[in-house]
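The values are calculated or read from the model by the stated rules, or taken from the named source; none is laboratory data. Not measured: the values here are computed from a predicted model. No Cβ is skipped: glycine too gets one built from the backbone with ideal geometry, and neighbour counts run over all protein chains shown.
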Amino acid sequence: MRKIAYGKITCGTLNTSVLILSIALSGCKTMAENQDTQAVITAHTKASHAELETVFTQALHGVKPTLAKDAFIKESKLIIEQGQKQTLSGNHSNGRIMENPHHFSLVLTQGQCYVIDEKSGKRYPLSKASCQAK
């Protein structure tokens with residue numbers, strides 16, 4: 001005959017419960033510490049603007065975009081559209097641009113600024129730009 005005890009807690013059960021609870025809570029803490037916060041750049045310098053151009057050129061596979069001087073100053077999101085293509089004679093070609101624009105975000109994680117390509121999820125750390133939470 002099997003005995004079934006309800007409501008009995010043994011040391012082994014208690015230790016296992018404490019271990020599982022502590023692992024769960026430490027996982028929550030780690031996730032909270034690594035949370036991305038929307039950010040803006042506090043002030044552009046020539047070095048920070050050049051760094052952004054380099055990051056976007058990498059993200060756009062070698063295409064160098066024209067960036068506004070206030071990129072990421074007021075907003076944490078940036079959309080880059082492909083420019084209209086030119087013919088060999090220098091005229092703009094007729095037709096619609098079929099490629100979707102590229103979306104980027106500026107975030108702050110543990111004091112480090114990152115540009116995130118929202119399509120690929122790739123993170124580009126910024127070392128020359130100073131940013132703050134928005």
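Would you please name the residue that is surrounded by the fewest Cβ atoms within 10 Å (Cβ to Cβ), looking only at residues in the stretch 98-115 that are aliphatic (A, V, I, L, M) and under 16 Å from Pro65 (Cβ atoms)?
Val115
Considering only the stretch 54-68, state which residues are assigned to a helix (DSSP H, G or I) and exposed (fewer than 15 other Cβ atoms within 10 Å of the Cβ).
Answer for the stretch 54-68, where residues must be assigned to a helix (DSSP H, G or I) and exposed (fewer than 15 other Cβ atoms within 10 Å of the Cβ): Thr54, Thr57, Gln58.
Condition test on Ala71, is it modelled with pLDDT under 95, out of contact with any Cys (no Cβ under 7 Å at 6 or more places or on another chain) and either surrounded by 17 or more Cβ atoms within 10 Å (Cβ to Cβ) or assigned to a strand (DSSP E or B) (or both)?
Taking the combined requirement at face value, the residue satisfies it.
Where the second residue is surrounded by fewer than 18 Cβ atoms within 10 Å (Cβ to Cβ) and not in a loop (DSSP other than H, G, I, E, B) and the first is at positive phi and lies in the stretch 104-125, which pairs have Cβ atoms under 8 Å and are six or more apart or on separate chains?
Listed pairs, sorted by first residue: Gln110/Glu33.
For Ile41, which of the numbered conditions (1) at pLDDT 95 or above; (2) out of contact with any helix residue (DSSP H, G or I) (no Cβ under 7 Å at 6 or more places or on another chain); (3) not charged (D, E, K, R) fails to hold?
(2)
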